[in-house]
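Q: Submitted below is the structure of interest, expressed as structure tokens.
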Amino acid sequence: MKRYRYVYGPVPSRRLGRSLGLDLVPYKTCSYDCVYCHLGRTTDKTVERREYVPVADLLEELRRKLAEGKKADYVSLAGSGEPTLHSGMGELIRRIKGMSDIPLAVFTNGSLLWKPEVREALAGADLVLPSLDAGDGELFRYVNRPHEEVTFDRMVEGLEAFTRGYGGQVWVEVLLLGGVTGIRGEVEKIARHLARCRVDRIQLNTVARPPAEGFARPVTQGQLRRLQEIFAGKTEIIAPPAADEDRPPDPGDPDSPASSGDAVMALLERRPATSGDIARGLGMHTMEALKRLEALRAAGRVETVSTGGRTFYAVPGHKRL
Ligand code: SF4
């Protein structure tokens, strides 16, 4: 069977349910180098927009994947870098919408929304999920380590301009770091910027996967709940509680019997995951996921790393620990 290079999943997404992902740029091609990034440090920090991956190849793979008839709540443009760097994103969105009724979401760090052509390219998406992790330039540079062309003022003005002109849903993720941005004074600054935007949901998150830098620490659930009150409008916490690992899988998933070691590897090549993540993503029992993960570990294809009391499986060398 022909392997997929750019399409992956459906994967479990805390924010979207089952998400069928398209990877629009090569691994760690990004305008940011976030200290909390679970993919490790950015290897190609850029703001150059170009056709990193041929649009025709992306569409061909998606067509093939959709023909398999797997259930997905969203087709999402995301993956292992910043998707708005792809210069063909607008055309891609239009053509995907012509091919499927599944809602289309775009995960973006929001760094390029000050460019009119990026705002235009996103116009056809149903849902855009930008990020805002800091309330001023100093902490923006500390947390997101942006490309030099992406100043804080440009970025927040772009976010405001985009949300005011866009007709779809906007869910903004705010990822807070313990002792850095996860404190009242800093969150109030973030909230003031978001108050100028048209946002449907604010989603609070913290470090939950092995970060690029060991000093990136999570905020506790209790602190997240206290900080949540600062925001006006619909705000929710999307950071996983530690006990979430034991959430039961979906035993009735028709994809379950077909799930193989290759399917597990395809998920882990995108991001480190717990056995619970794998079980939910592939619709198998947690014990079955553990069995497959341990077999892959014994074969040297994956390794484990602990973060926040949770054990993650990852492809060796895929990220910095
Ligand atoms: S978290 Fe996202 S925006 Fe930040 S460096 Fe990683 S891929 Fe880029």
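Q: Would you say residue 165 is more than 16 Å from the ligand (Cβ to nearest atom) and at pLDDT 95 or above? So that I can check it myself, show each step before the final result.
A: On the way: more than 16 Å from the ligand (Cβ to nearest atom): yes; at pLDDT 95 or above: yes.
Criteria met by residue 165.
Q: Could you tell me which residue of region 36-61 is farthest from the ligand (Cβ to nearest atom), considering only residues that are in contact (Cβ under 8 Å) with a residue 40 or more places away in the chain and assigned to a helix (DSSP H, G or I)?
A: 59
Q: Taking region 74-113 only, how many residues are under 27 Å from residue 40 (Cβ atoms) and not in a helix (DSSP H, G or I)?
A: 21
Q: Check region 117-131 and report whether any residue there is under 19 Å from the mean Cα position of the chain (by Cα), within 23 Å of residue 269 (Cβ to Cβ), in contact (Cβ under 8 Å) with a residue 24 or more places away in the chain and more than 12 Å from the ligand (Cβ to nearest atom).
A: no
Q: Still on this structure: What is the one condition in (1) β-branched (Val, Ile, Thr); (2) out of contact with any Cys (no Cβ under 9 Å at 6 or more places or on another chain); (3) touching a residue at least 60 places away in the same chain (Cβ under 8 Å) that residue 29 does not satisfy?
A: Every listed condition holds for residue 29 apart from (3).
Q: Let me ask something else about it. Being within 20 Å of the chain's Cα centre (by Cα), part of a helix (DSSP H, G or I) and free of Cβ contacts under 8 Å to residues at least 60 places away in the same chain is the filter here, so list the residues in region 266-317 that pass it.
A: Selection gives 268, 275, 276, 278, 279, 282.
Q: Then there is this: With respect to residue 64, determine if the residue is more than 19 Å from residue 172 (Cα to Cα), among the basic types (Lys, Arg), in contact with a His (Cβ under 8 Å, 6 or more places away or on another chain) and more than 15 Å from the ligand (Cβ to nearest atom). Walk me through how you get there before you give the answer.
A: Details: more than 19 Å from residue 172 (Cα to Cα): yes; among the basic types (Lys, Arg): yes; in contact with a His (Cβ under 8 Å, 6 or more places away or on another chain): no; more than 15 Å from the ligand (Cβ to nearest atom): yes.
No; evaluated as a whole, the condition is false for this residue.
Q: Looking for something in contact with a helix residue (DSSP H, G or I) (Cβ under 9 Å, 6 or more places away or on another chain), farther than 15 Å from residue 186 by Cβ and hydroxyl-bearing (Ser, Thr, Tyr) - is there at least one such residue anywhere in region 218-225?
A: No, there is no match, as no residue in region 218-225 is in contact with a helix residue (DSSP H, G or I) (Cβ under 9 Å, 6 or more places away or on another chain), farther than 15 Å from residue 186 by Cβ and hydroxyl-bearing (Ser, Thr, Tyr).
Q: Sort through 55, 75, 128, 47 and tell me the only one that's touching a Leu at 6+ places or on another chain (Cβ under 8 Å), of a type outside the set (Asp, Glu) and within 14 Å of residue 162 (Cα to Cα).
A: One residue alone meets the criteria, 128.
Rundown of residues vs (1) in contact with a Ser or Thr (Cβ under 7 Å, 6 or more places away or on another chain); (2) within 16 Å of the ligand (Cβ to nearest atom); (3) of a type in the set (Asp, Glu), yes/no style:
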position	(1), (2), (3)
105	yes, yes, no
136	no, no, yes
158	no, yes, no
170	yes, no, no
179	no, no, no
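The values are calculated or read from the model by the stated rules, or taken from the named source; none is laboratory data. Values in this document were obtained by computation on a predicted structure and should not be read as measured data. As a convention, Cβ positions derive from the backbone with ideal geometry for all residues, glycine included, and neighbour counts pool all protein chains shown.
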